[in-house]
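What follows is calculated from the coordinates using simple rules that are stated; it is not laboratory data. From a predicted model like this one, the values you see are computed outputs, not experimental measurements. Here the Cβ is made from the backbone with ideal geometry for all residues, glycine too, and neighbour counts use every protein chain on show.
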Amino acid sequence: MRVNELMLYRHMEQGEGLNDMAFLMENYDNEYYNKEDLRGLLFDSVNEILELAVSHGLTGNLWHDYLTYLLASDENAYSTSCEIVGAIDGSMNQVAMHDFAIFKELYDYDFTELTDDQLEDQLHVVDDRRIWVIAEALRRGVSYDKIHEITKIDKWFIDKIAIIVEMENSLKNEPLTPELLKAAKRIEFPDTVISRLTGKSEDEIKQMRYDNNIVASYKMVDTCAAEFEAATPYYYSVYGGENESVETNPPKKVLVLGSGPIRIGQGIEFDFCSVHCTWAFKEEGYETIIVNNNPETVSTDFDIADKLYFEPLTPEDVENIVNIEKPDGAVVQFGGQTAIKLTEALMKMGVPILGTKAEDEDAAEDRELFDEILEKCSIPRPTGGTVFTAEEAKEVANRLGYPVLVRPSYVLGGQGMQIATCDEEVEEFMEIINRIAQDHPILVDKYLQGTEVEVDAICDGTDILIPGVMEHIERAGVHSGDSISVYPAYSLSKEIIDTIEDYTEKLARSLHVKGMINIQFIVCDGKVYVIEVNPRSSRTVPYISKVTGIPIVKLATKCIIGHTIKEMGYKPGLQPNADYIAIKMPVFSFEKIRGAETSLGPEMKSTGECLGIAKTFNEALYKAFLGAGVVLPKHKKIIISVKDADKQEVVPLAQRFEKLGYEVYATRSTADVLRQNGVDAIKVNKIHQEAPTVMDLLLEHKIDIVIDTPTQGRDKNRDGFLIRRTSIETGVNCFTSLDTVDALLTSLESNAKENLTLVDIATI
């Protein structure tokens with residue numbers, strides 16, 4: 001990184017709205033701080049500077065104009081930098097553009113504008129962008145030896161990148177002949193990339209392939225390590241060579257689409273669904289074909305399906321398989337959002353979608369269509385609107401009143417969702433969302449802060465089976481995948497439960513669901529609202545299947561085939577509650593994801609989950625925390641630093657910690673509020689203040705818990721971000737939701753750990 005080359009900011013000591021940049025420059029070489037954390041801070045600071053420029057009515061070259069404005073002011077942080085400016089011919093523009101170029105380098109993936117010296121400097125940086133830097137170096141003729149000397153990457157891998165770069169140049173600069181196309185496909189260039197490089201449409205590329213018989217062949221994976229002949233139907237694609245996948249013609253053949261690589265928002269839960277769906281189809285006499293490209297899943301075990309294609313879940317790759325196998329239909333509702341997004345492409349291929357129809361899946365995501373359904377069913381939802389531009393989003397937000405939830409359609413794990421509290425945040429979030437071209441409208445909804453409730457249900461087209469109702473401990477605003485989930489719902493009245501059952505049945509019938517449906521509700525001021533409907537499986541399916549004893553995926557699959565709920569021996573409606581409490585606890589991997597923001601919000605961040613089961617709520621909760629790795633107490637010391645809106649709410653929590661014997665530390669303003677309310681809080685300074693600071697306490701490794709709630713929307717409290725990151729990296733339990741803290745206290749206050757009971761989950 002070239003932060004120390006910055007001319008203006010490295011000398012800045014004060015400046016309204018720019019203190020973060022001063023802190024960054026001051027502490028870049030401080031070993032206490034993670035460089036990736038500081039890089040994220042830099043990105044936010046740059047955006048903030050540009051926003052300030054706009055707020056002063058500056059147009060054109062905002063960077064130049066705003067710095068000039070500051071320098072022209074009477075007394076400001078930049079007035080002391082005039083000597084530095086004069087050192088390079090007195091050109092303010094030169095200084096500003098020099099600094100801006102460095103800022104751009106720090107977060108951009110396009111390295112074409114770098115000088116050769118700058119590119120060489122960038123080769124030394126070890127981050128996720130390095131492969132792009134190597135590619136750019138190869139484009140400029142930098143030798144393998146020099147790249148290897150700098151990066152220590154084996155020349156074999158450098159050569160592989162070089163082959164891709166060479167083909168990239170050929171596609172850009174040469175006419176697209178069948179020979180060139182064949183060579184590009186041989187090294188796995190997708191049609192989409194070839195289209196972008198040549199300027200031809202994807203349809204033209206595909207037709208050219210078909211006209212010249214440039215099609216995928218499939219080779220069988222040698223699962224026997226060459227010790228003897230393998231006969232397992234496990235295939236991968238190549239271009240060129242003999243096709244080893246033999247077309248079969250059974251009476252019934254089904255294509256089951258998996259969920260692809262495990263990632264946040266779409267994990268092993270969908271693999272569970274794909275496997276159980278495949279088994280159910282096999283029981284019904286279908287030949288089953290799985291398409292998935294994750295080697296670490298059960299669905300990609302060669303003995304799960306009759307045939308397995310280890311292929312990317314893209315329209316092109318799936319179409320190649322369809323052309324060979326010619327399935328009678330495809331199932332997309334058990335593979336998460338990845339599979340759902342292939343629905344339209346499959347229909348264009350002529351493959352029927354089994355279960356819920358594509359138009360009904362769209363109706364659940366299309367705001368106008370869904371609003372019509374809700375109106376017919378007399379079901380309320382948070383008011384909102386659909387937009388494409390920032391101006392439209394601000395208009396809707398102001399009409400609804402802040403705060404609002406801004407989110408793209410058709411996403412997994414709440415990706416891109418943000419809670420906005422003002423026009424500036426709406427503009428910022430819209431810009432982030434629109435960095436990727438949106439095929440569907442962006443949704444702006446009124447944000448309601450109540451109790452979130454989740455339901456997974458099965459519908460055979462007429463009757464609906466609801467295994468159970470799950471209640472989230474964290475209030476709405478935290479993604480369902482990051483919330484502590486309790487079955488059965490523990491605080492809802494019978495009237496509310498009956499309403500949720502009624503709404504679930506109405507929605508399943510109105511959307512003509514065959515198979516699975518997942519619905520998320522919010523209970524606010526005694527009223528039930530629908531916040532999201534997914535006519536597919538969800539990540540809670542394995543959990544609710546286990547704790548209720550109802551094989552949800554198997555039943556849903558048989559409904560897709562044509563069986564009814566009654567025929568399978570189940571009474572429609574909400575099933576009786578189990579005689580125990582089951583609590584799903586999210587598990588996070590923040591310590592392994594450098595620079596990740598740890599605060600919880602509408603975008604999912606958990607990477608797994610564990611389960612606590614007991615006869616009582618307190619014992620189940622204690623087991624769940626224990627399973628998630630929260631083992632307390634150790635040192636009985638806690639740090640509290642919360643935003644202004646949470647200061648009164650945190651008081652009773654701090655009082656409860658004191659009663660448990662905890663020593664309470666708090667940042668200045670939080671400590672003042674706690675002291676006023678009888679908590680003997682010890683004041684501690686923030687990071688940039690004089691010692692002792694929060695960082696000093698954390699690095700002593702004598703803190704059990706950090707409670708730090710970020711400001712709403714974009715976190716402008718940079719200290720907060722660094723506190724949260726340092727907590728995680730020093731092994732301290734860090735909580736950003738007061739509801740989670742309340743649950744933790746309930747667990748610590750109970751005597752559950754003294755009388756833990758064993759539950760045989762194989763028998764429930």
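Just to be sure I understand the model, the point goes 7 Å from the Cα along the line to the Cβ. What's the resulting Ser669 to Arg509 distance in nm?
Inter-label distance under the simple model: 5.3 nm.
Over 26 Å between C-alpha atoms is what I'm after, so list which of Lys341/Lys394; Lys554/Lys623; Lys185/Lys326 land there.
In this structure, Lys341/Lys394; Lys554/Lys623 lie more than 26 Å apart at Cα.
Straight-line reach from Lys376: which lysines have Cα under 26 Å away, leaving out those fewer than 8 places along the same chain?
Lys357, Lys446, Lys494, Lys506, Lys514, Lys527
Could you grab the relative contact order for region 270-385? Cα pairs under 8 Å, six or more apart, rounded to a whole percent.
18 percent
Just want the ordering: Cys610, Cys273, Cys734, from fewest to most Cβ atoms lying within 10 Å of their own Cβ.
Ordered from fewest to most neighbouring Cβ atoms within 10 Å, Cys610, Cys273, Cys734 come out as Cys610, Cys734, Cys273.
Sort Ser750, Ser143 so the one with the fewest other Cβ atoms within 10 Å of its own Cβ comes first.
Ser143, Ser750
Please compute the modelled spin-label separation between Val246 and Tyr210, points set 7 Å along Cα→Cβ, answer in nm with one decimal.
The two pseudo-label positions are separated by 2.8 nm.
Go through 659-671, 569-581 and give me the packing order, highest mean Cβ count within 10 Å leading.
Order by mean packing, descending: 659-671, 569-581.
Between Glu649 and Asp301, what's the calculated FRET efficiency when r is the beta-carbon distance and R0 is 56 Å? Round to 0.05.
0.70
Per q in 0.17, 0.18, 0.29, 0.32 Å⁻¹, report the Debye log10 I(q)/I(0) for region 615-668, using one uniform scatterer on each alpha carbon and no solvent.
-0.71, -0.77, -1.08, -1.12
Could you calculate the contour length gain from Arg656 to Glu188, that is, 0.36 nm times the residue separation minus the distance between their Cα atoms, to one decimal place in nm?
Separation in residues times 0.36 nm, less the Cα-Cα distance, equals 162.5 nm.
So what is the relative contact order of region 629-753, in percent, for Cα pairs below 8 Å that sit 6 or more residues apart?
Taking the mean separation of contacting Cα pairs over the length of region 629-753, I get 27 percent.
What pairs from Lys160/Lys206; Lys702/Lys753; Lys348/Lys584 go past 28 Å between their alpha carbons?
Flagged as over cut-off: Lys348/Lys584.
Take the alpha-carbon positions of region 219-352, form their convex hull, and give its projected area averaged over all directions (one quarter of the hull surface) in nm².
Averaging across all directions leaves 8.2 nm² for the Cα convex hull.
Translational diffusion coefficient of region 629-753 at 10 °C, 1.306 mPa s, Stokes-Einstein with Kirkwood Rh over Cα pairs, in µm²/s as a whole number.
Value of D from the Cα-based Kirkwood radius: 110 µm²/s.
Could you list Arg399, Arg139 so that the one with the fewest beta carbons within 10 Å of its beta carbon is first and the one with the most is last?
Arg399, Arg139
Order these peptides, 253-263, 283-293, 673-683, by their mean beta-carbon neighbour count within 10 angstrom, highest first.
253-263, 283-293, 673-683
Highest mean first, how do 347-360, 534-547 rank when packing is the count of other Cβ atoms within 10 Å averaged over residues?
Order by mean packing, descending: 534-547, 347-360.
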